Structures are given as C-alpha cells and as structure tokens.
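Everything on this sheet refers to the single structure shown next.
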Amino acid sequence: MVFRSSTSLIGLLSLPILLLPLFRPVSAIRLGLIHRHLPDLPLFREAPAFSNGQDCGSTPDHVINVAMTLDANYLRGTMAAVLSMLQHSTCPENLSFHFLSANDDARELFSSIKSTFPYLNMKIYRFDSSRVRGKISRSIRQALDQPLNYARIYLADTIPEDVKRVIYLDSDLVVVDDIAKLWGVDMEGKVVAAPEYCHANFTLYFTDTFWSDPTLAKTFKGRMPCYFNTGVMVMDVDTWRKERYTEKVESWMSVQKQQKRIYHLGSLPPFLLVLAGNIKAVDHRWNQHGLGGDNFEGKCRSLHPGPISLLHWSGKGKPWLRLDSRKPCIVDHLWAPYDLYRSSRHFFEE
C-alpha cells in the first residue's frame with residue numbers, strides 16, 4: 001500500500017486503520033529477560049506478530065538490515081517506525097534491526113523494544129559517545145548536537161563486518177510501503193543511495209566563510225552537488241569501511257571545530273561535503289521530509305505532491321509531542337495509527 005499526497009486527507013487518514021488486521025503468530029523464542037522499565041521510559045502495547053508471505057525466502061541473502069539509533073527521548077517514534085515497517089512488509093520476518101544506543105540504560109531500552117515486539121529480529125550496540133564528543137560543534141538546535149545524532153557516521157564501524165549493506169533510518173518517520181523496495185535499489189557502485197533535492201539552494205548549507213575561501217569553495221569541483229537528507233539512506237557499509245569514509249567525514253568536522261565555522265547544521269553538512277553529487281539518487285517518494293517544520297519553530301507543513309512511501313517528521317516538531325499537546329498538525333494524524341504508546345488516546349478521539 002502506498003500513499004499519494006493528491007488523495008483526499010480523509011482517505012489518507014483511513015488507510016492506516018484498514019491496514020491493521022490481526023496477524024497469525026509466528027514461531028519464535030523470546031530472547032532475554034524483560035527487565036523493569038525506568039520510571040521515565042514510556043510504556044507500550046505489545047504489537048501483533050507479523051508473518052512472511054508464501055514467496056519469502058529464508059536464507060541470509062533474503063535478510064534486510066535496518067539500522068536506527070535508540071534514545072529514550074525518541075523511543076516512541078522508534079516504536080512507531082518499526083511497527084510501520086513490519087506492517088507494510090511482504091516479508092516482515094526477514095527484517096533485521098540494528099539499534100545503536102549511547103545511553104547507560106541500553107538494557108532498559110532493549111527490554112522496552114523486546115517486550116513491545118517479542119518476535120523482532122534485533123540487536124543493540126553500544127555507541128561510544130567519546131568517539132565524537134570532542135568533534136561536535138554547536139549548531140542551530142540543541143537536539144542536533146547530541147552525540148547519537150552523529151552515530152550514523154560510525155555505523156559501519158559499529159555493526160558486525162558481515163553486514164555489508166544497511167538501510168539507515170531516523171526515528172521520526174513511518175514507512176507506508178514495502179521497505180524491500182528501497183532495499184532493492186541498484187546502488188550503481190555508490191556508497192550511499194538517497195533521494196536528492198537539486199532544487200534546494202545548496203549554498204545555504206554552508207557559511208559565507210566557506211564559500212569565500214578559495215580552497216574550500218573548490219570542494220565540489222567536478223561534482224553537481226545536491227542536498228540529500230541523511231535520515232533515510234541505503235548504505236554500502238562494506239565500501240564505507242574499505243574506503244574509510246568515516247575518516248573523510250571526520251576531517252570536515254575537524255575543520256569546523258578547530259579551524260573555521262563552515263556550516264551550521266549538525267551532522268548533515270560533513271556528509272554533504274563528502275558525498276553530495278556522488279550518491280545514487282532514489283525516488284522522492286522514499287523521503288517525504290520536513291513534516292516537522294523548520295529547525296526553529298516547527299510550524300505545520302503540508303505534504304508535497306506525488307506518491308509517498310515514507311513520511312518523515314524532520315525538523316523541530318515531532319508528531320507525538322504535538323498530538324499530546326492537543327495542537328497537532330494535519331499530517332500528524334498520519335503518524336497516530338502507528339503509535340503504540342500505552343496511554344495514547346488521540347487516535348480514538350474526535
């Protein structure tokens with residue numbers, strides 16, 4: 001099932017409801033003990049089990065690796081994102097989740113995920129914040145300065161080496177199409193595949209100091225750089241490791257931190273400096289981003305025209321916070337059906 005933003009809003013709001021059938025249980029072993037939740041962790045309803053279709057394979061070649069960060073402040077978003085992927089996948093049992101956590105409460109976060117999705121194929125990895133803490137420079141929004149926001153740079157070094165390819169996703173999104181379609185993109189030798197937005201004013205992602213420096217201004221020579229959002233990426237992590245892309249991104253972070261201020265936006269600009277103009281472009285349907293508004297006020301935004309496979313609340317406004325405040329944007333009601341928060345009632349209210 002795929003959304004189209006040209007569809008009436010009432011139709012859009014009804015689609016997720018129709019896609020919540022009762023699924024038959026799958027045979028699996030519940031791994032690990034379920035520990036008590038920390039007082040500040042939200043509680044969630046247990047999701048139904050999701051089964052593979054008849055034509056799904058079961059070999060390692062059929063595994064789809066998905067990586068996400070795991071943080072208490074965004075846990076509610078993570079739960080919704082995982083549910084949306086399982087619900088719309090033809091082969092949900094083939095999804096393998098890799099969660100990166102920088103918190104001391106990783107065990108409690110693991111338990112929360114496992115109790116909500118008892119049959120989920122998942123692993124959690126400790127991200128060492130010290131690797132990046134001294135390299136972060138202050139950006140325009142505090143949330144962008146958290147070490148975990150930079151974990152995607154170190155993803156290839158954190159997950160097992162036998163994982164060659166992964167889909168990296170932010171926690172403030174829902175997938176409304178089969179994630180296998182994104183997984184199957186032909187990378188054409190590129191290390192990253194993502195939607196490109198060449199209509200955006202690329203110069204605004206860097207400071208006047210950057211563009212006025214003759215050496216720095218030549219960074220994109222020979223490339224046609226376009227903005228891409230790093231919250232949705234297919235990554236060839238095998239090539240990333242072999243060609244040492246982590247060090248390439250870190251080198252630009254060092255320029256920003258130690259030499260001169262060349263950008264304002266957290267972990268995005270160093271990605272652009274290394275990769276913009278040299279990625280595999282993916283259909284825009286795979287990142288309907290900006291639904292959280294801008295980075296300052298988070299005002300409501302409408303859907304962009306065209307088909308939609310992924311809805312992304314990048315920006316300051318998050319749907320669970322706006323719904324709880326009873327001041328939601330219209331698009332937030334497209335997120336609500338995937339909310340497993342135990343005390344959530346907004347989905348049933350008029």
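Can you order the peptides 74-80, 273-279 by their average number of other Cβ atoms within 10 Å per residue, highest first?
Order by mean packing, descending: 74-80, 273-279.
How many nm is it between the label spots at LYS164 and GLU247, if each spot is 7 Å from the Cα in line with the beta carbon?
My value for the distance between the label points is 2.4 nm.
Between ASP55 and ASP208, what's the calculated FRET efficiency when r is the beta-carbon distance and R0 is 45 Å? Round to 0.05. Please report the intermediate quantities before stating the final value.
Values: r = 55 Å, r/R0 = 1.23.
Result of the calculation: an efficiency of 0.25.
Which three extents, in whole angstrom, do the alpha-carbon atoms of segment 200-338 cover along their principal axes, largest first?
Principal-axis extents of segment 200-338 (Cα, largest first): 49, 32, 25 Å.
Apply the Karplus curve 6.51 cos²θ - 1.76 cosθ + 1.60, θ = phi - 60°, to the phi angles in segment 256-262 and return the couplings in whole Hz, x for Gly and Pro.
4, 7, 10, 10, 8, 7, 10
Run through all the Cα pairs of segment 60-284 and give the fraction in each 10 Å bin from 0, expressed as whole percent.
Histogramming segment 60-284 at 10 Å steps yields 7, 33, 37, 18, 4, 0 percent.
Give a residue-ordered list of calculated ³J(HN,Hα) values for segment 182-188 (Karplus: 6.51 cos²θ - 1.76 cosθ + 1.60, θ = phi - 60°; whole Hz; x for Gly, Pro).
After applying 6.51 cos²θ - 1.76 cosθ + 1.60, I find 6, 4, x, 4, 7, 6, 6 Hz.
Using 0.36 nm per residue of separation minus the Cα-Cα distance, give me the extension gain between SER254 and SER302 in nm, one decimal.
Here the answer is 13.6 nm.
With just the Cα atoms defining each centre, how far is segment 274-310 from segment 194-250? Give it in Å.
That distance is 17 Å.
If I stretch the segment between ILE330 and SER130 completely, what's the gain in nm (0.36 nm per residue apart, minus their alpha carbon distance), one decimal?
The span from ILE330 to SER130 would gain 68.0 nm if fully extended.
Could you tell me which of the pairs LYS181/LYS218; LYS248/LYS327; LYS221/LYS260; LYS135/LYS164 are separated by over 31 angstrom between their Cα atoms in the structure shown?
LYS181/LYS218; LYS248/LYS327
At a Förster radius of 30 Å, what calculated FRET efficiency corresponds to the Cβ-Cβ distance of LEU265 and LEU43, to the nearest 0.05? Provide the component values of the computation, followed by the final result.
Details: r = 34 Å, r/R0 = 1.13.
The pair LEU265/LEU43 has a calculated efficiency of 0.35.
If Rh is defined by the Kirkwood formula over all Cα pairs and Rg also comes from Cα, what ratio Rg/Rh do you get for segment 270-321?
1.05
Separation between the CYS198 and LYS218 pseudo-spin-labels, each 7 Å from Cα along Cα→Cβ, expressed in nm?
With each label placed 7 Å out from Cα toward Cβ, I get 2.5 nm.
Using the Karplus curve 6.51 cos²θ - 1.76 cosθ + 1.60 with θ = phi - 60°, what ³J(HN,Hα) values do you get for each residue of segment 120-125, in whole Hz, with x for Gly and Pro?
6, 7, 8, 9, 10, 10
Read-outs: derived from the displayed coordinates by stated rules, not from any lab. This structure is a prediction, so every number in the text was calculated from the model and none was measured. All Cβ positions, glycine included, derive from the backbone under ideal geometry; neighbour counts span all protein chains shown.
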